[in-house]
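Heads up: the structure comes next, in structure tokens.
No lab work stands behind these numbers, since they all come straight from the coordinates. Source: prediction; values computed, not measured. Quick reminder, even Gly has a Cβ in these numbers, built from the backbone with ideal geometry, and neighbours come from all protein chains shown.
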């Protein structure tokens, strides 16, 4: 399959602002892709070489990429650097440089010019894999040489997307759910097949693998996919409410209330002497937590298991729990031993998804918790989360206050009936968050996605004065604006925001963004920030829950402020949802009427 087909598609997707058109383009692509190449096509469309949990990185920075562009185009490195300063996008630099290539013809033995070889998807993908795997002495030169060989045979347009892929800035913003929709139509003919495809994806979140099975074995092949150690499953998510009685009514009159710890969610896989830890975003974070691996081997008695918990940093002198931001010091490549001493971790376990090849996700929460008790030998640093079954609002409120007094964010309230299965990748009413701040209008925080920015004036000239923030709507797979935030940013924040957001900048509003406001700069929905505000109000300016609470108006956050917390542990699709904001607004109205 010719790589130019992909490059043309990327060009069309980049220029569209309509999500339906983006999906239609993907459907056409998958229909025309040979089954043996569909996995590679999917990965390249996502801007990656494998699912995130495999941790495959290309390892080529801007300077090395510029070297390759210079070598391929016959221009000097200085010319390429000047062009980059002017354009700010290495992909555009490669396109421009190769469009005006100086003669670097390759001659054969007889002195005849060797024609360029047309790039195939296989060659591009396999070369990128070789670049990623190059290691040891001379690895950088090998990477540059491999990239140069690709660019020499690439058209200017192909070069643009190869370089963007290399630098991690493909910037198409195609969500996993959009690809699932396109696969369902391309291979099933009907979007109704989406449920089977999504279920397989929840268990095995590797879109390339899912596409390959679908293309070669059909829906029946997908139905055979099972949960297994080493492959993370999409985590179950929670709704939020602010009233104990309402929570219990939603959960059938009783629930398991658990402490909600301010840490990093960990999906821990054990297979014999091997342990892998995945984050909420399914990144492999094993290397950051060697102490948690050691604790798992020591305390988990089953040969194979998949368990979930919250890793919380504690003060080594007092044993008191530290806030989430302190734990993020563990997210480093070097100095792990020092970080382990300074920020030791306690793991509070709350779920069990598999024991010795037995899938527990369809069992009730109480049954899963019993399995957890059986296989875990608890210690001070590796133990089950604090929890109790409650059946009345007063008991729930008391347990809530107890959790707060012990340094927690609040509590998680979980259904305990026979239907309380583990809903992978879903946000439903089986789990409900109850945090302290819900009791006071909107002093609770929300996690919102940066979708646009407005240029600063005066002291903020040269950076962004405010950011356009959006909530996620999983029903439409879109991001709907809810506020424009300019408060709470330190001078350091303001200085680094343009650089932080630069990889996601695009020339037009993203097709998955719904906005009535015209930002000065638009971004692919990727970066999540924690925001707090005075209250949630009705607004004709924003699209969040437009027409759902009141005709022709949406919801907005009044006096929004950045808390200083960058939620790099969350993907855009794990941000606060439109439904959550509607619930918060309704709860706020109930309180104000009391």
Legend entry - Gain upon complete extension [residue 563, residue 245; 0.36 nm per residue less C-alpha separation]: 111.5 nm
Legend entry - Virtual spin-label span in nm between residue 384 and residue 28, 7 Å along Cα→Cβ: 5.6 nm
Legend entry - Acute angle (nearest 10 degrees) that the helix 365-375 long axis makes with the longest principal axis of the chain, alpha-carbon atoms: 80 degrees
Inset, instruction - Starting from the Cα of residue 254, move 7 Å in the Cα-to-Cβ direction to define the label point; list residues of the stretch 400-434 whose amide nitrogen is under 19 Å from there. - result: 400, 412-422, 430-432
Inset, instruction - Compute the label zone of residue 506 within the stretch 14-42: residues whose backbone N is under 15 Å from the point 7 Å along Cα-to-Cβ. - result: 14-26
Legend entry - Among 319-328, 268-277, the order from most to least packed when residues are scored by Cβ within 10 Å on average: 268-277, 319-328
Legend entry - Estimated distance in nm for a label pair at residue 56 and residue 117, the labels positioned 7 Å out from Cα along Cα-to-Cβ: 1.9 nm
Inset, instruction - Calculate how steeply helix 121-133 sits against the longest principal axis of the alpha-carbon atoms of the chain, using the helix alpha-carbon long axis, and give the answer as 0 to 90 degrees to the nearest 10. - result: 70 degrees
Inset, instruction - Could you rank the peptides 230-240, 80-90, 550-560 by their average count of other C-beta atoms within 10 Å per residue, with the highest value first? - result: 230-240, 550-560, 80-90
Legend entry - Three-way shape call for the stretch 48-166 based on the alpha-carbon gyration tensor, with the a/c threshold at 1.5: oblate
Inset, instruction - Set the Förster radius R0 to 35 Å, insert the Cβ-Cβ distance between residue 402 and residue 287 as r into 1/(1 + (r/R0)^6), and round the FRET efficiency to 0.05. - result: 0.50
Legend entry - Global form of the chain, assessed from the alpha-carbon gyration tensor, a/c cut-off 1.5: prolate
Legend entry - FRET efficiency for residue 534 and residue 499, using Cβ-Cβ distance with R0 set to 30 Å, rounded to 0.05: 0.50
Legend entry - Gain on full stretching of the segment that runs from residue 332 to residue 366 - 0.36 nm per residue minus C-alpha separation: 8.6 nm
Inset, instruction - Just order 177-187, 18-28 by mean Cβ neighbour count inside 10 Å, highest at the front, would you? - result: 177-187, 18-28
Legend entry - Value of [θ]222 nm, deg cm²/dmol, for the chain, DSSP H segments ≥ 4, -39500 (n - 2.57) each, nearest 500: -11000 deg cm²/dmol
Inset, instruction - Go ahead and run the numbers for FRET between residue 199 and residue 476, Cβ-Cβ distance against an R0 of 22 Å, rounding to 0.05. - result: 0.60
Legend entry - Cα gyration tensor, the stretch 271-407 - rounded (a/c under 1.5), prolate or oblate: oblate
Legend entry - Order of 414, 373 under a 10 Å beta carbon neighbour criterion, fewest first: 373, 414
Inset, instruction - Note down the relative contact order for the chain as a percent, whole number, built from C-alpha pairs under 8 angstrom at least six residues apart. - result: 13 percent
Inset, instruction - With a cut-off of 18 Å, note down the residues of the stretch 118-148 whose backbone N falls inside the zone around a label point 7 Å from the Cα of residue 77 toward its beta carbon. - result: 138-148
Legend entry - Helix axis angle, 77-87 relative to the chain longest principal axis, alpha carbon, degrees: 50 degrees
Inset, instruction - For residue 548 and residue 216, calculate 0.36 nm times their separation in residues minus their Cα-Cα distance, and state this gained length in nm to one decimal. - result: 115.3 nm
